[in-house]
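Every read-out reported here was derived from the displayed coordinates using simple, explicitly stated rules and does not represent laboratory data. Since the model is a prediction, treat every value here as computed from it, not as a measurement. Here the Cβ positions follow ideal geometry from the backbone for every residue, glycine too, while neighbour counts run over all protein chains shown.
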Amino acid sequence: MVPPALTEKLDPHRVSMRVTDAARSRCVALQGTVGKAASCGIYAQRPSVCRDVVPAWEFGAASAQCDKARIGHGMKPLTAADWLDPGVVPQSA
Ligand code: SF4
């Protein structure tokens, strides 16, 4: 469950995450610097809307929402190559 203190009332039946920067809609739970190193401070408790948006290509599929968010913060959309594990050494034949 999302910590109630991090939410604000939208209407009698819904809440949303509070924001710390209304102009950029920066979620109060976001930690770090977008474009450098950022993460969700309540990842295991994040709301369902956040669980529904997976990073583009993490599981082999594009994500228009992910692309839009990254472009909105001045970053390039992710590609499948972004998920290659640099720690994996290819097996020789
Ligand atoms: S995943 Fe959701 S709750 Fe977590 S920082 Fe992003 S918008 Fe906020």
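Computed from phi, the 3J(HN,Hα) profile of segment 29-46 under the Karplus parametrisation 6.51, -1.76, 1.60 (θ = phi - 60°) reads 8, 6, 10, x, 10, 4, x, 10, 8, 9, 7, 7, x, 10, 3, 5, 10, 4 Hz, with x in place of Gly and Pro. Bridgeable lysines around LYS76 (alpha carbons under 29 Å apart, same-chain partners fewer than 8 residues away excluded): LYS36, LYS68. Using only the C-alpha atoms, the convex hull of segment 1-51 corresponds to 89 Å³ per residue.
Taking every Cα-Cα distance in the chain and sorting them into 5 Å bins from zero, the calculated P(r) comes out as 3, 11, 17, 22, 19, 12, 8, 4, 2, 1, 1, 0, 0 percent. Put simply, the amide H of THR7, placed in the peptide plane, has neighbours under 5 Å in ARG18, leaving out anything fewer than 5 places away on its chain.
Sequence-distant contacts, meaning Cα pairs under 8 Å at least 6 residues apart, place the relative contact order of the chain at 17 percent. A simple charge model with +1 on the Cβ of Lys and Arg, -1 on the Cβ of Asp and Glu and nothing else charged puts the dipole of the chain at about 300 debye relative to its Cα centre. Kindly provide the chymotrypsin sites (Phe, Trp or Tyr not before Pro) of segment 1-64 that DSSP labels as loop, not H, G, I, E or B, and whose Cβ sees at most 12 other Cβ atoms within 10 Å. Loop-located and lightly packed - PHE59.
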